[in-house]
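Just so it is clear, none of the values below were taken in a lab; they were calculated from the coordinates. What you see is a predicted model, and the numbers here were worked out from it, not measured in a lab. When we count neighbours, we look across all protein chains shown, and the Cβ atoms used for this are built from the backbone with ideal geometry, even at glycine.
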Amino acid sequence: MSDCIFCRIADGSIPSEIVYQDDDVVAFRDIHPVAPVHLLIVPRKHVANLLDLATDPDGSRVAEAVLRAVPRVAAAAGVDRTGFRLINNCGEDGGQTIGHVHFHLIGGRSLGEKLL
Ligand code: 5GP
Ligand code: ZN
């Protein structure tokens, strides 16, 4: 989608600091990091949010690609041994601000402020 910022980052037409990419997934540094490591793992396919991913005909394949990318992204960011948090904000109450499904991978410091 040409008016979607994450589609444009994924296709390279908006610059970003990419740390990992494959045929299905791109991971790049968040522009407003909340921790020393704050990456966004984004499927290349435009899907609005986690609910749409779950019902998309391609959803299982895309979700698997995201899951398989996690250890590679964590290793590329240097947090595979120290740990990290993986977060999806879904919809308004979830605090989602960009309408292209994405997962925040956050680490590089002890993340004390747990909601649960
Ligand atoms: P959400 O609030 O939708 O869960 O997360 C969106 C994230 O995208 C935010 O953490 C925000 O800082 C990040 N973001 C928004 N615009 C850009 C951008 O143009 N480039 C990068 N690298 N990150 C962005
Ligand atoms: Zn998009």
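Residues that are within 11 Å of the chain's Cα centre (by Cα) and touching a residue at least 40 places away in the same chain (Cβ under 8 Å) are absent from region 45-60 altogether.
The residue of region 95-116 that is farthest from ligand 2 (Cβ to nearest atom), among those that are of a type in the set (Gly, Ala, Ser) and in contact (Cβ under 8 Å) with a residue 40 or more places away in the chain, is Gly108. Cβ-Cβ distances below 9 Å connect the following pairs, each with a first residue in region 76-94 that is more than 14 Å from Arg109 (Cβ to Cβ) and part of a helix (DSSP H, G or I), a second residue that is of a type outside the set (A, V, I, L, M, F, W, C) and within 16 Å of ligand 2 (Cβ to nearest atom), and a separation of six or more residues or different chains: Gly91/Asn49; Gly94/Asn49; Gly94/Asn88.
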